[in-house]
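The values are calculated or read from the model by the stated rules, or taken from the named source; none is laboratory data. This one's a predicted model, so the numbers in the text were calculated from it and none came from an experiment. Here the Cβ positions follow ideal geometry from the backbone for every residue, glycine too, while neighbour counts run over all protein chains shown.
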Amino acid sequence: MKTQYYTATSLDGFIATEDDSLDWLFPLGDANETSYPSFIAEVGALAMGSTTYEWMLRHADKVASSVGLPWPYTQPTWIFSSRSLPLLEGRDIRIVQGDVRPVHAEMRAAAGSKNVWIVGGGELAGQFYDAGLLNEIIFQIGSVTLGRGKQLFPRRVTTPPFRLISIRQVGSGFVELRYEVPAVAGSA
């Protein structure tokens with residue numbers, strides 16, 4: 001079982017524009033040509049921040065045209081937010097706040113032998129990293145630059161660095177990088 005941060009990013013390290021737009025992303029390729037289908041088959045629980053969740057709700061039609069359903073997850077999902085948010089009826093969605101460690105324990109239990117996916121955003125993935133809970137990062141880097149926006153991973157990570165596991169070209173618009181996150185002495 002791994003806890004993984006899987007996301008797309010621009011060449012200059014942004015996952016969305018300042019106003020949370022992903023319009024730059026969809027013209028670059030088809031999710032079914034990436035590792036996403038095999039990746040999601042191994043996911044047993046998800047975590048996402050409130051901005052990601054609200055984007056999913058606002059763009060349900062775009063999500064459906066890209067991946068087939070307006071809410072494409074059957075796995076239990078934990079939404080980290082300090083605000084009250086609408087819940088989708090018939091879906092296992094839980095609104096939580098605070099330290100990621102106790103929530104991660106719940107997520108692992110729900111995932112069984114499958115992986116935990118940190119959907120986004122970058123700050124939430126950073127919190128899992130800070131707690132020593134992040135095992136792997138999978139970035140699909142798109143062939144565009146945004147100049148500014150929502151950072152991919154707003155943390156300084158130099159020692160030890162991530163360990164590159166694989167590189168894969170996806171069409172003419174993406175390259176996928178897979179990194180192992182080394183355990184840091186003293187982390188949780």
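Brief remarks on what is shown
- Within the set E89, E106, the sole residue that is out of contact with any Asp or Glu (no Cβ under 6 Å at 6 or more places or on another chain), outside any strand (DSSP E or B) and modelled with pLDDT of 95 or more turns out to be E106.
- Taking segment 148-170 as the range and being assigned to a loop (DSSP other than H, G, I, E, B) and touching a Ser or Thr at 6+ places or on another chain (Cβ under 9 Å) as the test, the residues that pass are R148, G149, L152, F153.
- Counting only residues that are assigned to a helix (DSSP H, G or I) and out of contact with any Leu (no Cβ under 8 Å at 6 or more places or on another chain), segment 63-86 holds 4 of them.
- Residue in segment 24-70 that is nearest to S10 (Cα to Cα), counting only those that are at pLDDT 90 or above and acidic (D, E): E54
Okay, residues lined up against (1) out of contact with any strand residue (DSSP E or B) (no Cβ under 6 Å at 6 or more places or on another chain); (2) closer than 24 Å to G171 by Cα; (3) of a type in the set (D, E):
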| residue | (1), (2), (3) |
| --- | --- |
| S38 | yes, yes, no |
| L46 | no, no, no |
| Q75 | no, no, no |
| D99 | yes, no, yes |
| V119 | no, yes, no |
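- Flag not set for R178, criterion: loosely packed, with under 14 Cβ neighbours inside 10 Å, under 16 Å from F39 (Cβ atoms) and touching a residue at least 40 places away in the same chain (Cβ under 8 Å).
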